[in-house]
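Please find one structure pasted underneath; my questions will follow.
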Amino acid sequence: MRKNKNKKILEVFKRVDEAGDSKTLADVLREAGDPKTSADVLRELVKNNKDWRVKEIIAGNPNTPPEVLEELAEDENVRYVVAGNPNTPADTLKKLAKDKDWKIRMIVAVNPSTSEETLKELTKDEYWRVRMAAWYNRVKRKLHKEKKS
């Protein structure tokens, strides 16, 4: 049953891409944001899609595969969502931590998957909000680690 639903959403998406029907686009957006949507369907949606709204929703989906997040990190319209997704690979977060936009760097600083090395670099950022976010994440991790001990 799930495979049939996934095939159906891909067919709907193709119609949206051709017709630009916003009501149908809403259905695609719901599917793209559903954490139960398979990684394969998310890959197909990104591959066959030019609409930044769908890409933005996919970038925030916790089921989005790391290689798709790497690709989406290059998109100016959705990289801020990629920066906050815990599935984003460490190398991609490290790259986003050097972004010209301080808001992207701040989102990387609060991402629970950002490496300690990248957080240390962000504590030296020129913007105080980025520094504070990085310090907060480091302290939170340390407290969590101590609590487990």
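Condition check ((1) among the β-branched types (Val, Ile, Thr); (2) in contact with a Ser or Thr (Cβ under 6 Å, 6 or more places away or on another chain); (3) part of a helix (DSSP H, G or I)) across all residues:
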| position | (1), (2), (3) |
| --- | --- |
| Glu31 | no, yes, yes |
| Val41 | yes, no, yes |
| Val54 | yes, no, yes |
| Ile58 | yes, yes, yes |
| Val82 | yes, yes, yes |
| Asp91 | no, no, yes |
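Residues checked against (1) of a type in the set (D, E, K, R); (2) in the same structural domain as Lys50 (by TED's automatic domain parsing):
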position: Val68; (1), (2): no, yes
position: Glu74; (1), (2): yes, yes
position: Val78; (1), (2): no, yes
position: Leu93; (1), (2): no, no
position: Ile104; (1), (2): no, no
position: Trp135; (1), (2): no, no
position: Lys148; (1), (2): yes, no
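I'm trying to understand the selection: among the residues of segment 103-147, which are among the small types (Gly, Ala, Ser) and not in a helix (DSSP H, G or I)? Give the derivation first.
Let us first name the residues in segment 103-147 that are among the small types (Gly, Ala, Ser), namely 109, 113, 115, 133-134.
Those that are among the small types (Gly, Ala, Ser) and not in a helix (DSSP H, G or I): Ser113, Ser115.
For segment 100-127, which positions are surrounded by 17 or more Cβ atoms within 10 Å (Cβ to Cβ) and either of a type in the set (Gly, Ala, Ser) or closer than 17 Å to Ala73 by Cβ (or both)?
Residues satisfying the conditions are Ile104, Arg105, Met106, Ile107, Val108, Ala109, Val110, Asn111, Thr114, Thr118, Leu122.
Just to be sure, is Val130 outside the structural domain of Trp52 (by TED's automatic domain parsing), in contact with a Phe, Trp or Tyr (Cβ under 7 Å, 6 or more places away or on another chain) and surrounded by 22 or more Cβ atoms within 10 Å (Cβ to Cβ)?
Spelling it out, Val130 is indeed outside the structural domain of Trp52 (by TED's automatic domain parsing), in contact with a Phe, Trp or Tyr (Cβ under 7 Å, 6 or more places away or on another chain) and surrounded by 22 or more Cβ atoms within 10 Å (Cβ to Cβ).
The values are calculated or read from the model by the stated rules, or taken from the named source; none is laboratory data. It should be emphasised that the depicted structure is a prediction, and the values quoted were computed from it without experimental measurement. Glycine also receives a Cβ, built like all others from the backbone with ideal geometry; neighbour counts cover every protein chain displayed.
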